[in-house]
1. Round to a whole angstrom and tell me the spacing of the C-alpha centers of the range A:174-217 and the range A:93-119.
2. If you take the square roots of the eigenvalues of the alpha-carbon gyration tensor of the range A:5-307 and sort them as a ≥ b ≥ c, do you get rounded (a/c under 1.5), prolate (a/b over b/c) or oblate?
3. In percent, what relative contact order does chain A have, based on Cα pairs under 8 Å that are 6 or more apart in sequence?
4. Using a/c under 1.5 as the rounded threshold, could you call the range A:39-198 rounded, prolate or oblate? The axes a ≥ b ≥ c are square roots of the C-alpha gyration tensor eigenvalues, and prolate needs a/b larger than b/c, oblate otherwise.
5. Taking chain A as a Gaussian network, Cα atoms linked when under 10 Å apart, which of A:Ser99, A:Ser90, A:Ser183 shows the biggest mean-square fluctuation?
6. Just by accessible area at a 1.4 angstrom probe, what is the order of A:Ser129, B:Ser200 from largest to smallest?
7. Sequence gap at least 6, Cα distance under 8 Å: using those rules, report the relative contact order of chain B to the nearest whole percent.
8. Once you compute Rg and the Kirkwood Rh from C-alpha atoms, what is the Rg to Rh ratio for the protein assembly as shown?
Amino acid sequence: MVLSDTELVEFYKTMIRIRLFEEKVQELFRKGELPGFLHLCMGQEAVAVGSTGALLKDDMLLGGHRAHGHAIAKGIPMRKIMAELFAKESGCCKGKGGSMHLSDRDLCLFLTTGIVGSSIPIADGIAFSFKLRGENRVAVTVFGDGANNTGAFHEGINLAALWKLPAVFVCDNNQYAISTHVSRSTPIANVSGRAKAYNIPGVTVDGQDVEAVYEAVKEAVDRARDGNGPSLVECKSARLYGSYAADSQSYRPKEDIEEAARRDPISLLKARLMKSGALKEGDDEMIRKDGVAEVEDAVRYAKESPYPEPEEALRDVYG
Amino acid sequence: MREINISEAIREALGEEMARDENVFVLGEDIGLIGGDFGVTRGLMARFGADRVRDTPISESAILGTAVGSAAMGLRPVAEIMFSDFLGVCMDMLLNQASKIRYMSAGQWTLPMVVRTATGAGTRSSSQHTQSLEAIFMHIPGLQVVMPSTAYDAKGLLKTAIRGNNPVLYLEHKLLYFVKNQVPEEEYLIPFGKADIKRSGDDVTLIATSLMVHRALAAADKLKGQGISVEVIDPRTIAPLDKDTILESVKKTGRVVIVHEAWKKGGFGSEVAAILAEEAFDYLDAPIKRVATPDTPIPFCPILEDSLLPDEEKIVRAVKEISS
Ligand SMILES: Cc1ncc(C[n+]2csc(CCOP(=O)(O)OP(=O)(O)O)c2C)c(N)n1
């Protein structure tokens with residue numbers, strides 16, 4: 001065990017906050033209140049919280065299209081994320097990014113990308129700048145299993161390994177890229193096996209176990225910070241719902257969906273914390289109540305915020 | 001004044017900017033140890049060290065990804081893509097990343113990065129090492145596109161590109177690397193979006209880019225002997241484009257020929273022609289003409305290659321067609 005009960009309860013709280021946020025977003029989307037595409041991370045909260053929890057505030061986090069959880073875990077106020085989903089001026093990107101493109105410069109969340117795999121070479125550049133300037137920071141990018149067959153993944157990890165960059169590559173392997181099971185896209189059992197080709201450490205952990213995720217990512221981050229180069233950490237997780245909000249999951253066996261529900265990372269952590277006595281039923285209720293209040297506040301804030309002025313569409317094209 | 005060629009001018013600009021600002025670094029394939037396929041970066045590794053002059057594997061996406069990420073952190077990368085044709089393998093980094101990150105983040109991230117690349121035909125290397133692709137990149141909001149035709153312009157524009165805060169595609173024509181002209185020893189910068197009138201004239205406006213500026217000037221010389229006074233305008237940067245200088249010239253001459261090496265269809269000339277039709281229609285005394293490459297890839301055979309590209313004779317013919 002690497003985390004104290006107190007730390008684990010904090011992680012638990014963040015996971016609940018993410019879950020409640022995503023459930024609300026799903027509900028709003030179904031009611032037609034949110035424009036655009038939505039990729040929710042219900043079932044993958046342990047990866048978001050465990051990996052982000054292993055970073056220092058100054059470490060740069062990069063993510064992809066399924067990054068609400070990472071943004072919350074990195075400390076972006078829910079209000080700013082919710083307002084972004086509502087396309088409001090008060091959103092973290094003034095309503096110009098949306099669900100797939102969240103960012104907060106001050107909190108070191110780089111703009112999340114909608115192009116699968118593309119954050120990997122960009123993380124190289126960020127890590128390179130840390131290295132060249134002698135800053136003691138690490139660049140960490142999270143991506144799905146789908147990214148592991150892109151050219152960007154292979155070029156990016158190869159270069160990071162070659163240049164010993166302070167980068168960590170975290171694959172949140174939820175087993176599917178939309179309808180394509182990883183066994184139908186990837187000819188090796190574990191994405192972490194890719195690390196061998198680049199002569200860097202590669203590990204696979206249970207992505208539903210927040211402590212296991214934290215431990216593996218922390219080790220990789222420490223290693224990177226110590227100047228020993230990048231690592232690849234694969235977290236095997238599972239989506240509770242579809243790839244995008246309207247996905248009926250016709251391609252997914254029933255047992256697979258049931259197994260995901262059975263191994264819900266929040267239930268697993270709760271059982272563990274209850275068993276150790278770190279969490280009481282009453283605490284859990286409080287945590288949920290606070291979470292619901294925070295989400296409701298974010299929705300109210302987002303709804304009350306104005307849309308951007310028309311001129312905003314023409315701003316920020318050039319620097 | 002001393003004369004240097006474009007290759008030397010670019011090297012000087014890189015050296016001066018690297019000496020001036022430690023955030024500037026260069027990366028690309030074979031640019032360090034041997035100083036680049038075309039020798040442009042020769043000597044930089046010895047002078048600035050392997051940390052800031054970085055040879056990379058053949059990984060164009062990783063090269064531009066490194067440029068994007070490091071630029072966002074405040075470095076000023078100058079990435080070299082050996083041939084502009086290879087931009088096809090890392091298009092995402094320009095199309096979806098460099099040109100979009102500032103916008104989608106509502107200005108939180110700024111990307112001061114330059115992508116230098118060798119462009120153009122005439123090198124007898126068939127269809128994958130000869131293309132002029134500027135129109136594709138000029139089309140993308142968020143990118144700036146620079147096409148120097150002289151050593152003087154090459155140096156001043158590159159320094160501006162490096163000091164600017166935008167992703168810049170800097171296109172170096174292979175046949176121009178060793179063309180010399182006067183370049184002062186003292187420092188100077190050339191602003192973007194400011195065309196240069198390479199030759200003044202009254203009868204016809206020739207708008208030309210990169211290598212074609214030289215062919216347009218040669219044509220203008222010949223036409224002078226035939227009593228036609230030609231003004232030659234070099235936009236130097238096609239994004240941003242100096243519309244004012246072009247419009248002013250066309251309002252004076254009433255006749256215009258646009259010359260570029262890229263394909264005619266959907267090319268830079270199409271855009272200029274459209275601008276003129278929208279904003280100077282009443283001043284035109286003749287149809288707008290374009291001299292450009294027909295709708296075909298570039299062949300290996302030198303005779304065939306030369307037959308496709310705009311040359312002095314084709315430019316002269318086009319000018320005469322609208323001058324009578
Ligand atoms: C380069 C690229 N190709 C295709 C897509 C369309 N697309 C969006 S999400 C997705 C699946 C991605 O799967 P994975 O990387 O495993 O992440 P997950 O959605 O499971 O979190 C695809 C194919 C894209 N956004 N980018």
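The values are calculated or read from the model by the stated rules, or taken from the named source; none is laboratory data. Nothing here was measured: the structure is a model prediction, and the numbers come from that model. Cβ coordinates were reconstructed from backbone atoms using ideal geometry, including for glycine residues, and neighbour counts include every protein chain displayed. Surface areas here come from the heavy atoms of the whole protein model, side chains and all, with no ligands, DNA or RNA. Shrake-Rupley method; radii C 1.70, N 1.55, O 1.52, S 1.80 Å.
1. With the range A:174-217 and the range A:93-119 each reduced to a Cα centre, they are spaced 23 Å.
2. Values: a/c = 1.37, a/b = 1.28, b/c = 1.08.
It is rounded, given that a/c, with a ≥ b ≥ c, falls under 1.5.
3. Values: 633 pairs, mean separation 75.1, N = 319.
Answer for chain A is 24 percent.
4. Values: a/c = 1.94, a/b = 1.20, b/c = 1.62.
Note, shape of the range A:39-198 comes out oblate.
5. In this elastic network of chain A, the residue with the biggest mean-square fluctuation among A:Ser99, A:Ser90, A:Ser183 is A:Ser183.
6. Working: A:Ser129 0, B:Ser200 90 Å².
Sorted descending by solvent-accessible area, the residues read B:Ser200, A:Ser129.
7. Values: 705 pairs, mean separation 53.3, N = 324.
Across chain B, relative contact order equals 16 percent.
8. Working: Rg = 27.9 Å, Rh = 26.6 Å.
Here Rg/Rh amounts to 1.05.
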